[in-house]
Amino acid sequence: MSNRANGWLRGTIVRKSGVSTASSTRTSTPQIQSTSTTVFGGGVKDASGRTSEYFSMEDQCPVCKSDRYLNPKLRLLVSACYHKMCESCIDRLFTLGPAPCPICGKILRKLAFTPQTFEDLGVEKEVAVRRRIAKEFNKRREDFPDLHAYNDYLEEVEDITFNLINDIDVAETEARIVQYRQENAALIELNIQREEQYAQYLKEQEDFERQEREQRAAELRRAEEEEREEREKGRREIIDKLETSDKDAIKLVARSRLEAMRRASARSTSSGNVLQSSSRLLRSRAAQSTVVPDVPHVPLQDNWYAYEDMFTLRDNYDDPASEAVRRDREGIMRAGGYRVEQAWERALRCAVAGLEIMPLEGLHSTASDPAAVPGAGGDVVMASA
Amino acid sequence: MTADIASPAAESSTAVRTTLYEASTQYRHWRYSLEQLAHTRAALNTAAVSAIQEAFESDEPGSSSSVSFLNADEEHLLVKLYVGKISQLCGHFRFPEEVEATAVTYLKRFYLKNTVMDWHPKNVMLTALFLATKTTNHPISLEAYTSHIPKTAPSDVLDLEFLVAQSLGFDFAVWHAHRSLWGLWLDVQSLPDAPLDDLRASYDTALKYVRASRLTDAELVYTPSQIALACLSLASPSLASTWVRSKFPDPEITDPPVLGVIEPIKTLILADGSPPEVEAVREVDRRLKLCKNPEKVVGSKAYLKKREEEERKADEKRRRKADVIKRAMEDGDPFGSELAGRTALDDDDDDDED
Amino acid sequence: MDAVEKANAERQRRWAKDQKIGEGTYAVVYRGREVATGRKVAIKKIKVGQFKDGLDMSAIREVKYLRELKHQNVIELLDVFSSKMNLNLVLEFLDTDLELVIKDRSLVFLPADIKSWMAMTFRGLEFCHRNFILHRDLKPNNLLIAADGQLKLADFGLARDFADPGYKMTCQVITRWYRPAELLFGSRYYSTAVDIWSVGCIFAELMLRTPYLPGESDMDQLKTIFRALGTPTEEEWPGHTKLPDYVPVGQFPKTPLRDLFTAASADCLNLLSKCLIYEPRRRISAKEALNHPYFFALPYPTHPSKLPKPAPKRSSLLPLEELDGNAEPNSSGPGVKANPPNKLKRKHSEDGMNERSKSIARRLDFSQ
């Protein structure tokens, strides 16, 4: 919300302090500093500050009929009931407290006025409603077992939105919203987190790319520097050599040029490669994460029932089969880690597994099919205990 | 009731849970009704008889009319005898109960896919036991095994091993009633008023019944937990029903269904759970010598003829393959062979060069 | 017998072999597909009748356990069919394994990636333990990774059921670098904790990008372990001096894990230390591990589809010394019969996918 200052740059901001507002109403262009960020009222707030306030030469306050010609500093704000009026009217009408809107009579407060973003107030209202709804109705396709259910949900949301926009059954619709919020509190929270993460990913990706670009630029600059220096050095060397030695001038120049080439090629191969590949990798990873999100850990994800609730494993039984083991005088069993409890658990499970399966009868019950998927047996009656 | 799936993700909460027992091959592939068992055995027997009749006819026309083939019940009797012999062998080798039970199961299942007239249970039994030692992690070397069994060479056991495994559909894991009984024994100790002295006696009796149940078809129809419960019920009806009621405490259900299930099991064990009459078996064995499938008897005319047939088929296949390769080479196009290979799906798996 | 064979022949027709991709002492692995759907599979053809004791134990174990287990993080055995001389296992086709991922230096691991892999490993392992099966050969090489990023436990050639009380098990299991001290000391009565130790070593390896405890012999392995984690005391591990092959190996002090794993979070090190506790009874179980705070803390585990994977290599037929049940080979190369057109096509579509995903329009969003 930091860039809101831009939207207000049509005059000096005068902070109204204390209660004595009545006296200073007309002296300077009144500035209403609203700190409300909720959108119960009208208006679309743009946090990034990239959209500007709607402005037209035809602007005219419906209440006092003043326009830009008469009042160059005219500024129309939008009320909670989506009616426009100029700042002077707002100030005149609402400074002393809540008062009815001159156009529709709805009780308004001074704070509930916001700058206009869209030409059409209808659009303004719609966008505000949608934004509000989207904050809470944030389920995604993955949260639904199938496409059908997801579409039903979307239809419900659209229904609610439509009602709110067109003021149909508002009370009932609000109740629906409250109910939804209560039922889905956890999931809403989760999805909010997810979206934050998503935003985080994007930011990271952008940061990384920027970093990379800068690095590459720096690299390039450095490489250029080096090259230039080398060339200089080379030239100086030649001159020196030509001065000092008595070898063939042409040969000397050729040799030095060869060395310079070799140096240049060596430099180019080593540098950019590593940077390139890892950045490409991370970029593709970040791109993937916008498509498939990471989900919280679920310990067990299968659907196998191991009869765990049909018996309780005790830590001691009268059991001749395992007497010797448990006596374990030398502690060998224990040191090796053998656990009789595991053998007991297996036996206990065998004792209850399949008790509920009714035997097949007759000639044409489910025949055993070698290609059958586990669990396709027909006559299973699950225990009701 | 089905606790501990408390995950926020929608995944497991809406799906149906399947029991681990239902995942087992025992449940999926080896579960029959009594009627189905009878039907399967009868059908198998009929098919076997006609196939063997043909073999007899081709060997020596007219010979089959004099042969008295075994019927399904007689086959079953013979199998039962050899099931008993597994016990004896295991005692001899001191194999654990797990091995014994597994071998018994393998033998029974084998004869739901094959007939004794093709494969004599005497050999199959030895192989099944050997296989069972491997699949239950109590392996013994073939040497050691056959040297302790009179008149048996390693090849006698090994020749059939793959066949047995194949007939089992490679379903090696078996859930046994004796383990369920052990679990029962442990769990009844958690009952509020468990009479400990009687418990041991009841357990021993029940275990005897479990061993008797191996001679019956119980494991092919009922689950091991049900069989174990039935055995416990035979030993101590009150204990069994008390335990069951503690497992299904829903007050609306006066009689948990499983109590109804164990009644026929008890009847079955009492009726069928004893070794077959020696005389009857001897008679069957005698007749078996005469109605064996000649194709399976090494050295007989039919056997040799069958081998020739197989050889011929293999030769033809080899030739066909060589043709394909030759054609491809003549083609000159290295991709030509690929196309040809695709269309002629290689059904027979036995080429080692593939 | 003929009926059985006939049934088998039918099953065999469902699957077609395309290309040999690996060979070992007792099995040949092919890439293949399901004829009806074109789905990619790996077909492992095991030759029978090779050994003096008949059917090989590893083959038996693999078939036995894979037939009963069905879980997202355990490799799936789709079918088994056989002919007179061969046993064929049809397994799902998995491109790569964790070892290749670790070794590929061009891949960068985020902490969230490691978390994701560990979660999948624990889930697969917990399922095995829930079915009372010990895997006994966990190592990065046996953790295969599917195209959608899911990690799957494979190679059940050394697996077995929990032993009944009093029955001995062999201690010569698990590849040395991932073997816990109790096995190195020759214990014949052990439990699921041995698998957890292996997972702990894999966890460390994911962070270090190199094996954590590489010993050169069984004795050296013990020394390596003790040097890294300190020699255990009797108090820490009661009774260990009584184990069959116990020998004193040297007194080494305990160094905190943080010294080596400098970048790891506290939760992470806590879980790792719990996997590497000496006394097997106190070692964390798979189920407990899945409920450890490490997994619930931020960052969330990476979604499997976004986990890094090595680029598909192309190399010719590689002989594998012991085909220990890997459904896929170390390379997914063309093999002897070259199919260049198909390969190129595949590559293009992969790259195409990435480009497309980058340019997906961002959601229109009023809630800013």
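Brief remarks follow.
- Rounded to the nearest 10 Å², the accessible area of A:ASP67 at probe 1.4 Å: 50 Å²
- Separation between Cα centres of the range B:113-165 and the range C:138-206, rounded to whole Å: 31 Å
- The range C:80-182 - charge dipole about Cα centre, Lys and Arg +1 at Cβ, Asp and Glu -1, debye rounded to 20: 280 debye
- Inter-chain shielding of A:310-321 (mean C-beta neighbours from other protein chains, 10 Å cut-off): 4
- Mean separation of Cα pairs under 8 Å and 6 or more residues apart, divided by the residue count, gives the range C:3-92 a relative contact order of 26 percent.
- Take the accessible area of chain C alone and of chain A alone, subtract that of the pair, and you get about 5000 Å² summed over both chains, using a 1.4 Å probe.
- C:PHE252/C:THR170 FRET efficiency (R0 30 Å; Cβ-Cβ; nearest 0.05): 0.60
- Positive minus negative residues near B:HIS92 (Lys, Arg vs Asp, Glu; Cβ under 13 Å): +1
- For the pair B and A, the buried accessible area comes to roughly 5000 Å² in total, with a 1.4 Å probe and the value rounded to the nearest 100.
- Restricting the range A:93-122 to trypsin sites (Lys or Arg not before Pro) that sit in a DSSP loop and have at most 15 other Cβ atoms within 10 Å of their own Cβ leaves A:LYS106, A:ARG109.
- Accessible surface of the range A:50-130, 1.4 Å probe: 57 percent of it comes from carbon and sulfur atoms.
- Here chain B is assigned +1 on the Cβ of each Lys and Arg and -1 on the Cβ of each Asp and Glu. Its dipole about the Cα centre then comes out at about 940 debye.
- Of A:ASP167, C:ASP104, the order by accessible heavy-atom surface (1.4 Å probe, DNA, RNA and ligands excluded), from most exposed downward, is A:ASP167, C:ASP104.
- Counting Cβ atoms of other protein chains within 10 Å of each residue's Cβ and taking the mean over peptide B:177-184 gives 6.
- Within the assembled protein chains, the solvent-accessible surface assigned to A:TYR338 is about 10 Å², based on a 1.4 Å probe.
- Buried surface between chains C and B: roughly 3900 Å² of accessible area, summed over both sides, computed with a 1.4 Å probe on protein heavy atoms only.
- Spatially near lysine pairs across the range C:3-92, Cα under 14 Å, sequence gap of 8 or more or different chains: 9
- Evaluated over the range C:96-306, the Cα radius of gyration and Dmax, each in Å: 16.6, 50
- For chain B: rounded, prolate or oblate by the Cα gyration tensor [a/c cutoff 1.5]: oblate
- Which of C:ARG227, B:ARG179 is most accessible, then next, and so on - probe 1.4 Å: C:ARG227, B:ARG179
- Per residue, chain B exposes 47 Å² of solvent-accessible protein surface, assessed with a 1.4 angstrom probe and all protein chains in place.
- Mean per-residue shielding of peptide C:157-166 is 6, counting Cβ atoms of other chains within 10 Å of each Cβ.
- The residues of the range C:6-140 have, on average, 31 Å² of accessible surface per residue, using a 1.4 Å probe with all protein chains present.
- Using a Förster distance of 41 Å, the FRET efficiency for A:ASN71-A:ALA134 (Cβ separation, nearest 0.05): 0.65
- Note: relative contact order over chain B, using C-alpha pairs below 8 Å and six or more positions apart, is 19 percent.
- Computed Kirkwood radius, in angstrom, where 1/r is averaged over Cα pairs of the range B:181-230: 11.6 Å
- Environment charge at C:ALA228 (Cβ cut-off 11 Å; Lys +1, Arg +1, Asp -1, Glu -1): +2
- For the range B:96-160, the Cβ-based charge dipole about the Cα centre amounts to some 200 debye (Lys, Arg positive; Asp, Glu negative; other atoms uncharged).
- Once the Cα atoms are used to define both axes, helix B:72-93 deviates from the longest principal axis of chain B by about 70 degrees.
- Positive-pole candidate from C:ILE225, C:ASN131, C:ALA181, dipole of the range C:96-306, charges at beta carbon: C:ASN131
- Once the Cα atoms are used to define both axes, helix B:196-213 deviates from the longest principal axis of chain B by about 20 degrees.
- Comparing the full protein assembly with the isolated chain, the residues of the range B:249-267 losing at least 30 square angstrom of accessible surface (1.4 Å probe) are B:VAL261.
- Of the residues C:SER83, C:SER273, ranked by 1.4 Å probe accessible area with the largest first, the sequence reads C:SER273, C:SER83.
- Shown for the range C:25-117: the carbon plus sulfur share of the solvent-accessible area, taken with all protein chains present and a 1.4 angstrom probe, equals 55%.
- Between 0 and 90°, nearest 10: helix B:278-291 axis offset from chain B longest Cα axis: 20 degrees
- Within the assembled protein chains, the solvent-accessible surface assigned to C:THR170 is about 60 Å², based on a 1.4 Å probe.
- Per-peptide average of other Cβ atoms within 10 Å, ordering A:294-304, B:113-123, B:207-217 highest first: B:207-217, B:113-123, A:294-304
The values are calculated or read from the model by the stated rules, or taken from the named source; none is laboratory data. Please read all numbers here as calculations on a predicted model, not as lab measurements. Counting neighbours? That spans all protein chains shown, and the Cβs are built from the backbone with ideal geometry, glycine included. All accessible areas refer to the heavy atoms of the entire protein, side chains included, with ligands and DNA or RNA removed. Shrake-Rupley method; radii C 1.70, N 1.55, O 1.52, S 1.80 Å.
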